[in-house]
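Participant: Structure provided below as structure tokens; questions to follow.
The values are calculated or read from the model by the stated rules, or taken from the named source; none is laboratory data. Values in this document were obtained by computation on a predicted structure and should not be read as measured data. Positions of Cβ are generated from backbone atoms using ideal geometry, with glycine treated the same way; all protein chains shown enter the neighbour counts. Accessible surface areas use protein heavy atoms only, side chains included; no ligands, DNA or RNA. Shrake-Rupley method; radii C 1.70, N 1.55, O 1.52, S 1.80 Å.
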Amino acid sequence: MEINEAVLEEKERTGFLLRELFHRHGFSRYRMGKFEEYDLYSRNKDFLMSDGVITFTDTGGRLMALKPDVTLSMVKNLRDCGEGLQKLYYHENVYRVSAGADGFREETQVGVECMGRVDGKVISEVLRMAAESLATLSPSYVLEISHLDLLSALVDGVALDDGMRKSILACAGEKNLHGISEICRAAGLHPGAEEGLLALLGTYGPPRAILPTIRQIAAANGCAEAAQSLSQSVAGFMGTEAEEKIWIDFSATGDLKYYNGIAFKGFLWGIPDPVLSGGQYDALMRRMRRKDRAIGFAVFLNRLDRLTEKGEK
Amino acid sequence: MEARVSPEQTLNVALPKGRLGEKVYGLFAQAGFPCPSILESSRKLIFENPEAGVRYFWVKPSDVAIYVARGAADIGVAGKDILLEYRPEVYELMDLGIGKCRMAVAAPVGFRENPERPLRVATKFSRIARDYYGGMGRDIEIIHLNGSIEIAPILGLSDVIVDIVETGTTLRENHLEVREEIVPISARLIANKSGFKFKRAAVERLMAGLEGREQ
């Protein structure tokens, strides 16, 4: 029996289209329960997209939570596979406080996670899938990619302590270059100490135009390897239709306690928040005593409502 | 005749109502985004110049960041106080260097703090106050007010206030004095993170104009 598409909500239709895309790339479905022990989230609070978790005590007296996140559960519940590679996708509801929402909301997300031997080839494939996912949603998209090892090396070059590092990274995420200079002056650094970092953050756009500058900045700051890894990760887009929709932009940051290497966000024309977010999270794996490397991304289906609204108009 | 900019590329700008907004409009017009109809006195709130590819909205100053974060405006001008208090998910592209003032702690002249009890702080800026005193490890009790903050210590509602100080005249007239400066404040150019990517050329042209650079 075939399903009449007219009975599907837009969010369901999009979810199925993305699942089909992930399946085509050789990913298998990962299913999970709705609950997880609260302890997992209390130990990794900063990893969550929002503060606040819905908790309850189960019949055995354990403090449980309605899942606010999928990745943490997968990292906790899967086993290392060493030289192998687990390619998994999910389609789940999560419960979190949304920006602008007064209280908790149920949100649907689909996403992929690769754990195991994550090499340059795997990273390129995941980036390609992220671009294909965005293209499935709208022809007007931008996939913003950064390299956290390169960014963090330049931030560490000026930050005197953890607090300063955190403030500078927050400014980096806001493209607040004057704020970074103010922080450096207040810390007593000599004028120009942050020049390399400002140059990195001020260089953004399609890879072909800006990679040569990024390589120069990286080489001058002893991070040529990170720039090389970034170049290789986006090489697959060169000469394709997607090339102009890829941006290298170091304002795509993440909490360095969990993320490292490639980080990325996807934007659609007319939607104010990123609809896709992902990156490498080897640091999270180490924190949770996992040896595998990992990369993944999630698409936030609730944020696509605006696309439907435009259709309604 | 100049070509009209397509509606998709029109830059939507949220301006703070009032003197600061009028000053900002002057800077934007000089930077290549004029919209003369905005100067005509009327009760209209939205003004557009299709030739220059710009649409301005007058909004309450504290709402500018909301319009920008939610994508109703691509860019806007908001005080650093609002950005620190509400932490909207936006880019902070430039310090415009206008609307300068400072966020400060003020208290009645001669006030002596009792360190053995929590300090009572009246303010509109709860987060800024909490972050400031939290950083010093000082226990405080926040009394959130929406206006006339200066009278709170006079009436015994609070020990001190955390508020914006421009010239200090209001403080002096109410027998208050600045005790500590928390952070300097000025107007900032902010942009929606998604809008910035799709209207990059227009935003960068405006920034270049504001900095007096040719583009």
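Participant: What's the local net charge at B:LEU15, with K and R +1, D and E -1, over the other residues with C-beta under 14 Å away?
Facilitator: Net of charged neighbours comes to +3.
Participant: Also: Per residue of A:265-271, count partner chain C-beta atoms within 10 Å of its C-beta, then hand back the mean as an integer.
Facilitator: Per residue, the average neighbour count from other chains is 4.
Participant: Rounded to the nearest 5, what % of DSSP beta bridges with both residues in the protein assembly as shown are antiparallel?
Facilitator: 75
Participant: Rank A:GLU194, A:GLU243, A:GLU174 by mean-square fluctuation in a GNM of chain A with C-alpha springs under 10 angstrom and give only the top-ranked residue.
Facilitator: Comparing A:GLU194, A:GLU243, A:GLU174 in a Gaussian network model of chain A, the most mobile one is A:GLU174.
Participant: Determine by what factor the alpha-carbon radius of gyration of region A:27-109 differs from 2.2 N^0.38 Å, reporting the quotient.
Facilitator: Ratio of Cα Rg to 2.2 N^0.38 Å: 1.18.
Participant: Please give the net charge around B:ILE128, taking every other residue with its beta carbon less than 13 angstrom from that of B:ILE128, where Lys and Arg add +1 and Asp and Glu add -1.
Facilitator: Net charge in that neighbourhood comes out at 0.
Participant: If you don't mind, another one. Please report, in debye to the nearest 20, how large the charge dipole of region A:142-267 is about its Cα centre when each Lys and Arg carries +1 at its beta carbon and each Asp and Glu carries -1 there.
Facilitator: Charge dipole, region A:142-267, about its Cα centre: 40 debye, nearest 20.
Participant: Turning to a different aspect of this structure: Compute the Rg/Rh shape ratio of region A:142-267: radius of gyration over Kirkwood radius, all on alpha-carbon atoms.
Facilitator: When Rh is taken as the Kirkwood radius, the ratio is 0.97.
Participant: If you don't mind, another one. Quick check on chain A: what does the Kirkwood estimate of hydrodynamic radius come out to from the alpha carbon pairs, in Å?
Facilitator: Final number for the Kirkwood radius of chain A is 20.7 Å.
Participant: List the residue ranges in chain A for DSSP H helices whose C-alpha atoms run 15 angstrom or more along the long axis and whose Kyte-Doolittle average is -0.5 or above.
Facilitator: Correct list, ordered by number: A:120-137, A:162-173, A:207-220, A:224-235.
Participant: Largest first, what is the accessible-area ranking of A:MET288, A:MET64, A:MET1 with a 1.4 Å probe?
Facilitator: Largest to smallest exposure gives the sequence A:MET1, A:MET288, A:MET64.
Participant: When chain A is treated as a GNM, springs tying every alpha-carbon pair under 10 Å, which of A:GLU195, A:GLU241, A:GLU92 comes out with the largest mean-square fluctuation?
Facilitator: Between A:GLU195, A:GLU241, A:GLU92, it is A:GLU241 that shows the largest mean-square fluctuation.
Participant: Please compare each pair in B:LYS23/B:LYS193; A:LYS11/B:LYS199; A:LYS76/A:LYS121; A:LYS265/B:LYS193; A:LYS166/A:LYS257; A:LYS45/A:LYS67 to a cut-off of 18 Å on the Cα-Cα distance and tell me which ones are over it. Before the final figure, lay out the partial values.
Facilitator: Values: B:LYS23/B:LYS193 25 Å; A:LYS11/B:LYS199 27 Å; A:LYS76/A:LYS121 25 Å; A:LYS265/B:LYS193 11 Å; A:LYS166/A:LYS257 11 Å; A:LYS45/A:LYS67 13 Å.
Where the Cα-Cα span goes over 18 Å, the pairs concerned are B:LYS23/B:LYS193; A:LYS11/B:LYS199; A:LYS76/A:LYS121.
Participant: So, one more: Calculate how steeply helix B:19-30 sits against the longest principal axis of the alpha-carbon atoms of chain B, using the helix alpha-carbon long axis, and give the answer as 0 to 90 degrees to the nearest 10.
Facilitator: 30
Participant: Quick one: putting +1 on the C-beta of Lys and Arg, -1 on the C-beta of Asp and Glu, what dipole do you get for region A:68-208 around its Cα centre, in Debye to the nearest 20?
Facilitator: 200
Participant: Quick one: Karplus J couplings for region A:187-204, per residue in order, coefficients 6.51, -1.76, 1.60, θ = phi - 60°, nearest Hz, x for Gly and Pro?
Facilitator: With the stated coefficients, region A:187-204 comes to 7, x, 6, 6, x, x, 4, 9, 3, x, 5, 5, 5, 4, 6, x, 10, 8 Hz.
Participant: When ranked by the protection proxy of mean other Cβ atoms within 10 Å per residue, highest first, what sequence do the peptides B:152-160, B:49-57 form?
Facilitator: Listed from highest to lowest mean packing, they are B:49-57, B:152-160.
Participant: Counting only DSSP beta bridges with both residues in chain B, tell me the antiparallel percent, nearest 5.
Facilitator: Antiparallel: roughly 65 percent of the beta bridges in chain B.
Participant: Roughly speaking, what is the centre-to-centre gap between region A:222-273 and region B:122-142 when only Cα atoms are used, to the nearest Å?
Facilitator: A separation of 38 Å, based on Cα centres.
Participant: Okay, next question. Shielding by partners for A:175-182, please: the mean number of other protein chain Cβ atoms within 10 Å of each residue's Cβ. Before the final figure, lay out each step's value.
Facilitator: Details: counts 9, 9, 4, 7, 5, 0, 1, 3.
Partner-chain Cβ atoms within 10 Å, mean over residues of A:175-182: 5.
Participant: Name the residues whose placed amide hydrogens come within less than 5 Å of the amide hydrogen of A:ASP273, ignoring near sequence neighbours (fewer than 5 apart) on the same chain.
Facilitator: Those qualifying (amide H under 5 Å, at least 5 residues apart or on another chain) number zero.
Participant: Positive end of the charge dipole of the protein assembly as shown (Lys, Arg +1 and Asp, Glu -1 on Cβ, about the Cα centre): tell me which of B:LEU39, A:GLY61, A:ASN260 has its Cα farthest that way.
Facilitator: Checking the options against the dipole of the protein assembly as shown, the answer is A:GLY61.
Participant: Here is a follow-up. In whole Å, what is the distance between the alpha-carbon centres of region A:90-122 and region A:153-209?
Facilitator: If you average the Cα positions of each part, the centres end up 29 Å apart.
Participant: To the nearest 0.05, what FRET efficiency results for A:ASP58 and B:ARG43 with a Förster distance of 56 Å applied to their C-beta separation?
Facilitator: My answer for the efficiency is 0.45.
Participant: Quick one: accessible area per residue over the protein assembly as shown, 1.4 Å probe, rounded to a whole number of Å²?
Facilitator: With all protein chains present, the protein assembly as shown gives 48 Å² per residue.
Participant: Per-residue mean of other chain beta-carbon atoms within 10 angstrom of the beta-carbon, peptide B:188-198?
Facilitator: 6
Participant: Positive end of the dipole of the protein assembly as shown, charges at C-beta (+1 Lys, Arg; -1 Asp, Glu), about the Cα centre: which of A:LEU8, B:LEU15, B:GLY134 has its Cα farthest in that direction?
Facilitator: Going by the Cα projections, it comes out as A:LEU8.
Participant: What does DSSP give for chain A in terms of the percent of beta bridges that are antiparallel, rounded to the nearest 5?
Facilitator: Beta bridges within chain A, antiparallel portion: roughly 90 percent.
Participant: Related question: Under a Cβ-Cβ cut-off of 11 Å, what is the net charge of the residues other than B:ALA106 that fall near it, where Lys and Arg count +1 and Asp and Glu count -1? Don't jump to the answer; show the numbers that get you there.
Facilitator: Working: positive: B:ARG102, B:ARG172, B:ARG179; negative: B:GLU150, B:ASP159, B:ASP163, B:GLU177, B:GLU180, B:GLU181.
Local charge sum for B:ALA106: -3.
Participant: Related question: Using a Gaussian network model of chain A with C-alpha springs under 10 Å, which one of A:ARG96, A:ARG79, A:ARG208 is most mobile by mean-square fluctuation?
Facilitator: Looking only at A:ARG96, A:ARG79, A:ARG208, the largest GNM fluctuation is found for A:ARG79.
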